[in-house]
1. Antiparallel versus total DSSP beta bridges in chain A: what percent is that, nearest 5?
2. Rank-order A:358-366, B:169-177 by packing density, defined as the average count of other C-beta atoms within 10 Å over each peptide's residues, highest first.
3. Excluding residues on the same chain fewer than 8 positions from A:Lys236, give the lysines whose Cα lies under 21 Å from its Cα.
4. Could you grab the relative contact order for chain A? Cα pairs under 8 Å, six or more apart, rounded to a whole percent.
5. What value does the protein assembly as shown have for Rg/Rh, both radii from Cα atoms and Rh as Kirkwood defines it?
6. Between B:Lys147 and A:Ala412, what FRET efficiency follows from the Cβ-Cβ distance if R0 is 45 Å, with the result rounded to 0.05?
7. Take A:Lys641, A:Lys167 and order them by how many other Cβ atoms sit within 10 Å, fewest up front.
8. I want to verify the translational diffusion coefficient of segment B:65-208 in µm²/s; compute it with Stokes-Einstein, Rh as the Kirkwood radius over Cα pairs, at 37 °C and 0.692 mPa s.
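Derivation of every value follows stated rules applied to the coordinates shown; laboratory data play no part. Quick caveat: nothing in here was measured; it's all calculated off a predicted structure. Positions of Cβ are generated from backbone atoms using ideal geometry, with glycine treated the same way; all protein chains shown enter the neighbour counts.
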Amino acid sequence: MAEERKFGWGPRKDNVLIGKSIQRIDGFEKVSGKAQYTADINTPGTLYAKLLTCTHAHAKLKKLDVEPAKKIPGVRAVYIFPAGDLKAEGAGEIFWDGTLIAAVAADRPEIAEDGVKAIIAEYEVLDHIVDEEDLKAAEAKGATKAVGKNAKGKVEDALKTAKHVHKGYYGVHTISHMCLEPHGTHCEWKADEVLDIHASTQNVSGLAGQFAGPLGIDAAKVLVTANFEGGGFGSKFAADEWGIAAAKMAKETGKPVKLMLDRATELKAAGTRPSGYIDVTLGADETGKIVAWDSHHWGSGGISGGSIPVGGIPYVFDFENRSRTATQLNCNVGPTRAWRAPPHPQLCILTHCAIDDLAMKMGKDSYDVFLTNLEQTAGTAAHLPETYKAEMEIAAKLIGWKEKWHPHGKDAGKGAVKRGLGMALHTWGGGAGGCACNVKIHADGSVESFVGSQDIGTGTRTVIAITLAETFGLPLTAIKVNLGSNQYPASAASGGSITVGGVSGAHRRAAQTALWKIFDLVAAKYKVDAGTLAAKEGSIVSGDKKVCTWKQASMLLGPMGLETKGEGPAEDGLTSSRVGGVQMADVSVDSETGIVRINKYVAVQDCGLIIDELTAKSQIYGAVIMGIAYALSEERVMDKKTGRYINADLQNYKLPRIGDIGEIVVNIYQPDSEYSRGVIGLGEPPVISPGAAISNAVANALGVRVPVVPLTPQRVLAALSKSKGGAA
Amino acid sequence: MRDRETQERYGPDVSRRSFLKGSGVAVAATAIATAAEEALAQDKKAASAASSSKAQDVELTINGEVHKLKLEPRVTLLDAIRNDCHLTGCKEVCTTKNCGACTVMIDGKAVYACTRLAIAEQGKKITTVEALSAGGKVDPVIPCFIKHDATQCGYCTPGFVVATRAFLNEHPKATLEEIQKGLGGNLCRCGTYDGVAKCALELAKGGA
């Protein structure tokens, strides 16, 4: 009996819920507007805080007078951020547009705005550099730093003897996270110096210490709640200086303070994805096998680093003879934060556009060149070549690659609108994150889970409920999931696609542990062999025979019920890591207007065992749409003259709308061999390929590479003009 | 001082208040479908009511309930609904009527609450997302959004739901192309458009 009691998922064919399309359990709260986000918390007496930021890229703060703000009736507190604190040593130098200077808390938001307006700030404007692409200009200003160089094999020799050699330039501009719920907190001090925080965070269990340190209190006195969170994408792990400001102003005034970033500050200060540009030479032999890679990439992650590191280029593939160098530009731009799958989308663009252009140079079908080189992805993970091959076949069928593909620039159509196909592939780890949970079975048979994780829109609650309901043979409605509080067992921050693996593994372990105890009680009471028992359809059964109902079994637990702990990750097969993924784009490009339209986009994705196919597919749809955004329209625009982030608003920061995405086809690659791998995270991988796949499709349509993403009409026309000998 | 002026033009919320005063032309010129019905006359009325900057009595009729408030004329409809009436389904995201997270219905038409003044909306029938599941009656848009998983983080979702309801009221037999145009006034960052479109199409086919 004991030897059968191993943690594991059940046979795939027996699953009632796991792997099916299940509606999310918090769907009604979200869709009906009842879900309370941090920005919605308005406990009685709450003060509203607004921010003064510096809009210079580089300046010295000469004077800051907040007294006029304090005199406004209704203004309750003014907080000066470290950058605005002229008394602090070395203070006063501002390095990027959007730097926080002061916050004003007032009875009403409009009064807080009055307060911000009343503050007098005077600056001496200094020289700045915000062009992240112009390496030579940055070098001339001494604003570069070498961040790595390494090589293997004999690159020069291999390039000399290669049958086909291509030299290219590619890039991707910086983007912002653009969380629709901005970063922010609602802070309220309660009795006994307890700080009650609602935070828009991906890191419920990890925030207390970040607040406690700067506030000089014990982490045990910090309560963190995040029942719902309006988007994070990797940017919401920290308490942040504005969180500390809210807590301090709440302390000073004795009232709750809500400080949510305004839209401009959200875009400027709360995280960006660093830019990347590359000069690359690569060569292939007569079969199309790439034999040499020589590259130098650069970009900026802000004034103090955070650019794309040297590792990871070339992306997914590695070649026998390979040299790579990376340089960081220290620009006067806002700092970076992890952006969904960091920095894979950039690596993918910088690598797979070059491979596609090499295919164009060889006059070969890009599909064949990627296929020929799949063996060279084995260094990332041994199973990847086979996974990619299977996924490429599926994707090609879904998009009609064989029927529609034409050599680059050879669309047979005579009109101005040219059609093309492109592809790219990607990989991600997605191993389970740390997670502890308590599962409680009440004497009446109802089930609750407590976990200090968070649902950032990925479906964490639903995945937990499905895991427990499947294990106990209960309907979803019998399960109550409690998360979003640091009062529950600690769980890792949700970043890097580690949450679904983390929570499903831990909950399966807790649930199986509980179930085995219940089976023992049932076996003793009903005189059956515990080893034959299973939980199905609200009953405990032995083979085909019903032994008792779940409720009767639960009563055996006594009035206290049963509480079991689940932990993870563990090496027990419930979870694993490392996925592939192949995407293909079918686009139309108007060579007269430069407008690119997505006709069809195919995403084929493996991710091990699927808990909920509906929410899993949503992750892929969403990732592809985010990808279309950064491939075609979305970018931070820095004004070279003033050094300002000039499109830090939703009017000018262009995101696709519902009519801009074309037809998206999502296919989850899930043969039994994937099911048996256990759960692997999914949030990051499908957002990686769109930039390269769409750029490659545009190159296939036009026969001309638009080197830098996003492929705005202006850049498309410039590339076409340059190809015809005109000005770029 | 130079920097304060800069802050007024480029700064976040400060700019939107000044922007509101002169937004008439911008309203007329906007191509965004949900805002298409915004009327210049309303702005003129708002401007005249807003001539005194002192807080005054404002009565808003939201979801059939009258809210008696004391507000300065510059307070937006969105702030009044969220902060003073405590109906937080509609969200503040862009404050520049680009994203639709603040969508409510006024006299049955979808509008952006972020760029309207509360004082100018007195005497009108304001409907927020909360009304679509009030009193035990759930609007079919809501279960259909859930069915197609047209929500991820959920922050844009209530605005999308209200926009979808208002759109389907006017276009009960809408085609996919019409849906894509009609719901083009709302933005989602997580990428739930596929589910939203499927939901609207299903309701249009089945009779919304």
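1. 75
2. Result, highest mean Cβ count within 10 Å first: A:358-366, B:169-177.
3. Straight-distance partners of A:Lys236: A:Lys30, A:Lys50, A:Lys248, A:Lys258, A:Lys268, B:Lys91.
4. 16
5. Taking Rh as the inverse mean 1/r over Cα pairs, Rg/Rh reads 0.97.
6. My answer for the efficiency is 0.60.
7. A:Lys641, A:Lys167
8. The estimated diffusion coefficient comes to 214 µm²/s.
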